[in-house]
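Notes follow once the structure below has been shown.
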Amino acid sequence: MAITGVLRPGLIQIRVLDMAAAITHYVDRIGLYKVATGDDGRVYLKARDEFDHHSVILNPSDRAGLDYVAFKVDGDAALSSFEKRIAAWGLAVDHVPAGEQPGIGRRIGCTIPSGHRIELYAHADLAEMRPGTLNPDVWDAEPHGMEARRFDHCLLYGPNIDQVEKFFTEALDFSMAERVDLPETGALAIWMSCGMKAHDIAFVRHEEPGKFHHVAFELENWNDIGRAADIITRYNISIDIGPTRHGITRGQTIYFFDPSGNRCETFCGGYSFYPDHPVRVWNDKELGKGIFYYERVLNDRFLTVLT
Amino acid sequence: MEMTESGGLAARKPAPPPSALLASDAAAPPHQIAVDGTARTVACRDGLSVLDAFEQARNPLAANGEAVVRVGCRRGGCGVCKVKITEGTVRTGPMSRAHVTEQEEAEGYVLACCAYPESDLTVASVPVAPRKLK
Ligand SMILES: [Fe+2]
């Protein structure tokens with residue numbers, strides 16, 4: 001299968017209350033690497049299996065939450081084409097010039113009907129520290145912390161998720177992999193893919209716009225989830241739930257909070273998705289199993305605590 | 001490329017275990033936290049936040065059957081553990097201004113996870129965000 005158009009979620013900018021604590025969390029604990037610090041105080045991080053300049057941006061702020069998530073597209077022509085398609089779909093598009101942050105080319109942005117800012121970009125400089133390409137070792141810099149391999153996806157909460165689904169499928173060519181439908185009120189949650197992952201972005205219906213549920217980092221296997229759990233307890237990181245597995249996406253997972261209260265996930269697994277697959281649907285009868293396959297009950301903190 | 005902010009191998013130097021917090025002041029008597037409108041009092045040892053104390057006391061319920069202090073992110077971001085300090089003094093860490101404005105802070109509102117008692121306290125429960133997914 002050829003992945004064209006939108007390639008993957010490539011950048012996520014998260015607001016943090018205490019930068020030093022945030023760096024300890026994302027670098028020493030989750031296992032990312034610090035790439036640069038901007039003049040405005042933003043700190044740029046990357047995971048060890050990523051080729052691009054950076055993927056996670058920590059923005060010092062007096063409130064926690066998400067600034068934006070940005071998807072990388074396959075070239076500048078695609079970027080221009082998506083700009084026209086987003087405008088034709090009915091959203092105002094703005095421009096962020098190259099140089100607004102290190103290593104990333106021009107970006108376009110829009111606010112989607114859930115209240116979140118979504119951006120697209122085509123260019124990232126190659127990172128100095130990146131996977132080898134000639135007779136490559138499994139890693140160059142020795143992995144540390146939870147050994148996160150990549151920024152993988154995020155889950156966002158906001159209103160109008162029917163519109164959000166239409167936007168991602170109609171304007172950006174995403175496919176719906178999985179959804180939660182309630183008999184009375186319709187779609188409660190949607191998992192959408194732009195490639196072969198079970199999801200690249202997910203949304204849950206929620207009154208308040210622009211809310212952030214979690215950012216997820218991929219680990220290699222289930223043993224690494226156990227090791228992540230060891231690190232979470234050893235360093236008194238605020239735990240949410242896990243290790244466990246989702247019925248939805250089948251990912252094996254653990255959830256915890258950063259020092260500003262933003263939820264993080266480290267996970268592995270999940271099924272492979274092809275765009276010709278039928279949508280998998282969960283209803284109210286088995287939703288507990290859908291969310292937490294082992295516990296089989298819903299958890300109010302996991303479902304309603306947001307930044 | 002810096003390997004880590006705190007510097008590669010140095011980053012793996014052991015930090016004090018969380019239990020050090022609990023053991024450090026065995027001699028100091030815990031502060032008592034009373035909850036407005038209930039008969040419940042929760043002990044809070046030095047170094048623990050108001051929310052830690054409630055979690056350790058298995059989060060006592062108020063008369064309406066709901067937890068007096070709801071446990072969320074425990075790190076000042078989500079706002080669900082908001083309470084009002086009606087008596088006593090606390091020291092606070094960074095709290096998201098999305099949930100406690102400067103004026104509210106001046107009036108005694110805090111996020112329980114970011115409030116460390118400096119005396120015995122009385123706190124009042126503050127209902128915030130919905131507790132169930134709708
Ligand atoms: Fe996730």
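The values are calculated or read from the model by the stated rules, or taken from the named source; none is laboratory data. Given the structure is predicted, the values throughout are model-derived calculations rather than measurements. Heads up, the Cβs are rebuilt from the backbone with ideal geometry, glycines too, and the neighbour counts pull from every protein chain shown.
Listed by position, the strands (runs of 3 or more DSSP E) inside region B:66-134 whose residues that are farther than 22 Å from A:Asp62 by Cβ and touching a residue at least 24 places away in the same chain (Cβ under 8 Å) number at least 2 are B:82-87, B:121-125. The residue that is surrounded by the most Cβ atoms within 10 Å (Cβ to Cβ), counting only those in region A:114-153 that are within 16 Å of the ligand (Cβ to nearest atom) and more than 14 Å from chain B (Cβ to nearest Cβ), is A:His153.
When region B:47-84 is filtered for residues that are within 14 Å of chain A (Cβ to nearest Cβ), of a type outside the set (Gly, Ala, Ser) and over 19 Å from B:Pro30 (Cβ atoms), the ones remaining, listed by number, are B:Glu66, B:Arg70, B:Val71, B:Cys73, B:Arg74, B:Arg75, B:Cys78, B:Val80, B:Cys81, B:Lys82. Pairing each residue of region A:278-307 that is in contact (Cβ under 8 Å) with a residue 40 or more places away in the chain and more than 18 Å from A:Glu184 (Cα to Cα) with any residue that is outside any loop (DSSP other than H, G, I, E, B) and among the aromatic types (Phe, Trp, Tyr), provided the two are 6+ apart or on different chains, yields C-beta distances under 7 Å for A:Gly290/A:Trp282; A:Phe302/A:Tyr255; A:Leu306/A:Tyr157; A:Leu306/A:Phe212; A:Thr307/A:Phe212.
Check whether at least one residue in region A:217-231 is more than 12 Å from the ligand (Cβ to nearest atom), free of Cβ contacts under 8 Å to residues at least 12 places away in the same chain and within 14 Å of chain B (Cβ to nearest Cβ), and report yes or no. So far as region A:217-231 goes, yes, one or more of its residues are more than 12 Å from the ligand (Cβ to nearest atom), free of Cβ contacts under 8 Å to residues at least 12 places away in the same chain and within 14 Å of chain B (Cβ to nearest Cβ). In region A:154-162, the condition of being surrounded by fewer than 18 Cβ atoms within 10 Å (Cβ to Cβ), away from chain B (no Cβ under 14 Å) and touching a residue at least 12 places away in the same chain (Cβ under 8 Å) is met by at least one residue.
When B:Glu66 is tested against (1) among the charged types (D, E, K, R); (2) more than 27 Å from A:Val297 (Cα to Cα); (3) touching a Pro at 6+ places or on another chain (Cβ under 9 Å); (4) surrounded by fewer than 16 Cβ atoms within 10 Å (Cβ to Cβ), just one condition goes unmet, and that condition is (2).
Would you say A:His213 is within 11 Å of chain B (Cβ to nearest Cβ) and within 13 Å of the ligand (Cβ to nearest atom)? Spelling it out, A:His213 is indeed within 11 Å of chain B (Cβ to nearest Cβ) and within 13 Å of the ligand (Cβ to nearest atom). Just one residue in the set A:Ile237, A:Ile248, A:Ile291, A:Ile254 is of a type in the set (A, V, I, L, M, F, W, C) and over 28 Å from A:Phe174 (Cα atoms); that residue is A:Ile237. Flag: B:Glu87 matches the condition of being more than 10 Å from every other protein chain (Cβ to nearest Cβ), loosely packed, with under 15 Cβ neighbours inside 10 Å and modelled with pLDDT of 95 or more.
Only residues that are near the ligand (Cβ under 10 Å from one of its atoms) and small (Gly, Ala, Ser) were counted in region A:238-278, giving 2.
Checked across region A:209-216, the condition of being assigned to a strand (DSSP E or B), at pLDDT 95 or above and in contact with a Pro (Cβ under 7 Å, 6 or more places away or on another chain) holds for no residue.
When region A:1-30 is limited to residues that are β-branched (Val, Ile, Thr) and more than 14 Å from the chain's Cα centre (by Cα), the one that is nearest to B:Arg97 (Cα to Cα) turns out to be A:Val16.
Residue check: is A:Arg234 within 14 Å of chain B (Cβ to nearest Cβ), surrounded by fewer than 20 Cβ atoms within 10 Å (Cβ to Cβ), in contact (Cβ under 8 Å) with a residue 60 or more places away in the chain and more than 13 Å from the ligand (Cβ to nearest atom)? Answer is no for this residue.
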